[in-house]
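Taking it in order: structure first as structure tokens, then the write-up.
The values are calculated or read from the model by the stated rules, or taken from the named source; none is laboratory data. Every value quoted in this text rests on a predicted model; they were computed, and no experiment measured them. Don't worry about glycine lacking a Cβ; one is built from the backbone with ideal geometry, like all the others, and counts go over all protein chains shown. Remember, those area values only see protein heavy atoms, side chains included, never the ligands or the DNA or RNA. Shrake-Rupley method; radii C 1.70, N 1.55, O 1.52, S 1.80 Å.
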Amino acid sequence: QVQLVEPGGGLVQPGGPLRPPCAASGSTSSIYTMRWYRQAPGKQRELVAALTRGGSTNYADAVKGRFTTSRDNAKNTVYLQMNSLKPEDTAIYYCHCFIGPDGYWGQGTQVTVSS
């Protein structure tokens with residue numbers, strides 16, 4: 001079992017950066033891939049980024065070149081570095097992982113891009 005906590009997020013102006021964290025606790029050694037999703041008002045949840053234990057990453061086309069996900073093993077924390085933010089990036093951002101067949105979600109963090 002694992003717990004995912006997302007204490008970050010907030011309001012940022014267009015073009016600005018934000019780096020929400022996702023802190024994991026519990027059976028963190030069993031996590032192979034950590035994924036970031038987002039859900040904008042009235043839209044379906046979509047996959048934004050993924051980071052494997054080996055360090056491989058994948059990004060959605062909409063964020064490629066602007067977002068980077070990374071990991072601090074000492075803190076059991078994964079980050080989503082978001083640069084050049086646009087109003088259309090406004091959404092609730094969730095981290096997610098599987099432990100075997102069981103999926104675990106963070107509680108989500110609101111990111112609002114507005115002037």
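Some values worked out for this structure:
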{"read-out": "Number of the condition not met by Met82 [criteria: (1) modelled with pLDDT of 95 or more; (2) open to solvent by 20 Å² or more (accessible area, probe 1.4 Å); (3) out of contact with any Lys or Arg (no Cβ under 6 Å at 6 or more places or on another chain)]", "value": "(2)"}
{"read-out": "Tally of residues being at pLDDT below 95 and open to solvent by less than 50 Å² (accessible area, probe 1.4 Å) across segment 60-76", "value": "1"}
{"read-out": "Selection count, segment 1-23, where residues are at pLDDT below 95 and open to solvent by 70 Å² or more (accessible area, probe 1.4 Å)", "value": "2"}
{"read-out": "Test: residue in segment 3-10 that is in a loop (DSSP other than H, G, I, E, B) and over 12 Å from the mean Cα position of the chain (by Cα)", "value": "no"}
{"read-out": "Subset of segment 65-97 (residues that are assigned to a loop (DSSP other than H, G, I, E, B) and within 26 Å of Ser29 (Cβ to Cβ))", "value": "Asn76"}
{"read-out": "Every residue from segment 91-102 that is surrounded by fewer than 18 Cβ atoms within 10 Å (Cβ to Cβ) and not hydrophobic (A, V, I, L, M, F, W, C)", "value": "Gly100, Pro101, Asp102"}
{"read-out": "Filter pass, Thr69 being in contact with a Leu (Cβ under 7 Å, 6 or more places away or on another chain) and of a type in the set (S, T, N, Q)", "value": "yes"}
{"read-out": "In segment 103-112, the residues that are part of a strand (DSSP E or B), open to solvent by 10 Å² or more (accessible area, probe 1.4 Å) and either touching a residue at least 40 places away in the same chain (Cβ under 8 Å) or among the β-branched types (Val, Ile, Thr) (or both)", "value": "Tyr104, Trp105, Gln110, Thr112"}
{"read-out": "In segment 25-59, residue most open to solvent (accessible area, probe 1.4 Å) [restricted to those that are among the hydrophobic types (A, V, I, L, M, F, W, C) and modelled with pLDDT of 95 or more]", "value": "Leu47"}
